Amino acid sequence: MRDAMNPPVIDGVDISGYKGTVGDLIAVKARDVITPASVKVVIFSQAGTVLDQGDAVINTRDRRFWMYTVTAANAALTGTRVVVTATDLPSNTTKKESTIS
């Protein structure tokens, strides 16, 4: 019942491994009463165009951590926005945004 009333929490988004190269990793720390059902990552250009998007994969040893592997190159990092959405089983969502300066 508590899970239905509270959205998941995103404790952090680590974009330090994102250099605009395919294979880069973005780490997300997310939690909920029950482990979030999904964590999605969308990468936007400075102009707002979607450059890359997909599901992060949960760390099986520590279910608070999720990893997203970048699938598209981005040569213009300045102003790039990384938006992470965590969703729990009752479909409550939380978003966190990071901008590369």
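The values are calculated or read from the model by the stated rules, or taken from the named source; none is laboratory data. Because the structure is predicted, anything quoted here is derived from the model rather than measured. Counting neighbours? That spans all protein chains shown, and the Cβs are built from the backbone with ideal geometry, glycine included. Surface areas here come from the heavy atoms of the whole protein model, side chains and all, with no ligands, DNA or RNA. Shrake-Rupley method; radii C 1.70, N 1.55, O 1.52, S 1.80 Å.
Does Arg81 meet the test of being of a type in the set (D, E, K, R) and modelled with pLDDT under 95? No. Would you please name the residue that is modelled with the highest pLDDT, looking only at residues in region 32-43 that are crowded, with 19+ Cβ neighbours inside 10 Å and in a loop (DSSP other than H, G, I, E, B)? So the residue we want is Pro36.
If I filter region 60-76 down to residues being within 15 Å of Asp11 (Cα to Cα) and at pLDDT below 95, which single residue comes out as surrounded by the most Cβ atoms within 10 Å (Cβ to Cβ)? So the residue we want is Arg64. If the condition is being closer than 16 Å to Gln46 by Cα, open to solvent by 30 Å² or more (accessible area, probe 1.4 Å) and of a type in the set (Ser, Thr, Tyr), then region 77-98 contributes only Thr78. Anything in region 3-31 that is part of a loop (DSSP other than H, G, I, E, B) and either within 17 Å of Ser101 (Cβ to Cβ) or open to solvent by less than 30 Å² (accessible area, probe 1.4 Å) (or both)? List them, or say none. Listed by number, the residues that qualify are Pro8, Ile15, Ser16, Gly17, Tyr18, Lys19, Gly20, Asp24.
Of all the residues that make up region 44-67, how many are assigned to a loop (DSSP other than H, G, I, E, B) and touching a Ser or Thr at 6+ places or on another chain (Cβ under 6 Å)?
Result for region 44-67: 1.
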